[in-house]
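What follows is a set of notes on a single structure, which appears directly below.
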Amino acid sequence: MQEKCISGVPIMPRRNAMPHKSVFSYSRAPKWLNVTCTMNSAGSGYRVFSANSTVACIELAKKITERLGVELGKAIVYQEANGETRVEIQESVRGQDVFIIQTIPRDVNTAVMELLIMTYALKTSCAKNIIGVIPYFPYSKQCKMRKRGSIVCKLLASMLSNAGLTHIITMDLHQKEIQGFFNFPVDNLRASPFLLQYIQEEIQDYRNAVIVAKSPDAAKRAQSYAERLRLGLAVIHGEAQFAEVDMADGRHSPPTVKNSPLHLGLEIPCKRQPLYPGIELPMMMAKEKPPISVVGDVGGRIAIIVDDIIDEVESFVAAAEILKERGAYKIYVMATHGILSADAPNHIDESSIFEVVVTNTVPHDVQKLRCSKIKTVDISLILSEAIRRIHNGESMSYLFRNIAMDD
């Protein structure tokens with residue numbers, strides 16, 4: 001039996017009854033997302049579990065199950081006195097599709113272990129397919145090799161595969177190439193339609209706004225927002241950046257070895273060919289940061305800085321100060337994942353930033369209590385629709401309509 005629970009008319013924001021939470025949830029689907037919810041009976045063939053013991057994850061899981069018309073799976077997740085994670089599945093999942101919803105709180109490693117242990121518990125309970133719903137994928141910033149480091153994101157992908165995951169639903173990966181780390185399907189959803197809708201419905205006179213990239217690296221994302229809203233684009237150039245090539249890491253070519261003939265300048269006899277001196281490569285020119293400049297006009301306009309992750313906010317605060325100096329009279333920051341580590345709420349509260357808008361992919365209730373400028377957009381609608389489509393074998397391409405690969 002199918003029940004039409006979400007219509008395709010333009011959605012209206014509904015503010016949460018508790019003012020301090022400032023959660024903007026959408027009771028109706030955006031214009032681009034016409035969905036129908038299928039009521040779940042005992043024989044529906046799928047279950048939805050929450051793999052996190054935190055309140056925020058359970059709340060997100062309940063929102064998703066309410067939209068799907070199902071009950072949240074019965075499981076207990078807790079930490080023992082010695083710090084070990086224990087998971088107990090309290091209902092049968094044999095032969096069913098199981099969806100594990102896992103948000104990533106401040107204790108990232110505990111959340112990862114909860115997900116791995118629950119996945120393995122479901123695998124040994126003979127679940128047919130185990131799909132991880134991980135709105136913010138942890139360690140996604142560590143997806144590139146840095147000197148003698150490691151690609152931790154690839155390691156985590158291998159661990160999830162070995163634990164038993166067969167599919168992942170995530171949102172706005174830090175780098176889209178991360179999907180290649182997995183040997184099973186990865187659906188990388190987008191939060192931009194919800195953030196664009198917030199701009200249109202919550203920011204007065206948004207037509208007088210300009211989309212800002214706080215660095216050239218973020219220009220492509222900002223361009224996508226600007227084209228959809230038909231607004232101007234500005235890019236901040238000259239931001240302080242981490243220069244790996246300027247760091248001395250103790251490497252030498254050839255390596256210096258004490259008392260070796262090469263080190264002492266002695267000639268080494270060779271029967272086949274003589275020892276030639278090392279090849280001299282052209283010297284690399286040292287990088288010099290250019291003076292900070294804003295490419296684009298922000299004078300007398302609303303500036304909206306967009307990015308995928310907002311964690312340490314120093315760079316966002318510095319960008320806001322620059323935009324204010326250039327004449328912007330109101331500054332917004334919009335990001336999909338609001339990690340907001342350390343003293344981020346205090347820095348935001350004391351800065352020129354008018355409002356920080358993030359989604360509920362990452363729990364940040366504590367940060368919101370410390371800073372009234374932080375607002376939340378609910379994205380449970382698209383997660384629930386992705387779950388429904390995967391279970392029913394429907395196409396996922398509809399969720400990516402009008403979204404280019406570069407967005």
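Each value in this text was obtained by applying a stated rule to the coordinates, not by laboratory testing. Remember, predicted model here, so these are calculated numbers, not experimental data. Neighbour counts run over all protein chains shown; Cβ positions are idealised from the backbone, glycine included.
Listed values, structure above:
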{"read-out": "Modelled FRET efficiency - R0 51 Å, GLN79 with ARG401, Cβ distances, 0.05 increments", "value": "0.75"}
{"read-out": "Amide H within-cut-off set for VAL357, under 5 Å, with H built and near neighbours excluded", "value": "VAL333, MET334, ALA335, LYS375"}
{"read-out": "Residues whose placed amide H lies under 5 Å from that of ASN52, excluding near-sequence neighbours", "value": "none"}
{"read-out": "Among the listed pairs LYS220/LYS373; LYS214/LYS375; LYS63/LYS123; LYS147/LYS289; LYS144/LYS324; LYS154/LYS324, those beyond 32 Å (Cα-Cα)", "value": "LYS144/LYS324; LYS154/LYS324"}
{"read-out": "Förster radius 30 Å - calculated FRET efficiency between MET284 and ASN188, Cβ distance, rounded to 0.05", "value": "0.25"}
{"read-out": "Rounded Å value of the spacing that divides the Cα centres of segment 146-163 and segment 46-83", "value": "26"}
{"read-out": "Gain in span if fully extended, GLN175 to SER158, counting 0.36 nm per residue against the direct Cα distance", "value": "4.4 nm"}
{"read-out": "VAL108 paired with ILE151, simple spin-label distance in nm, labels 7 Å along Cα-to-beta-carbon", "value": "1.7"}
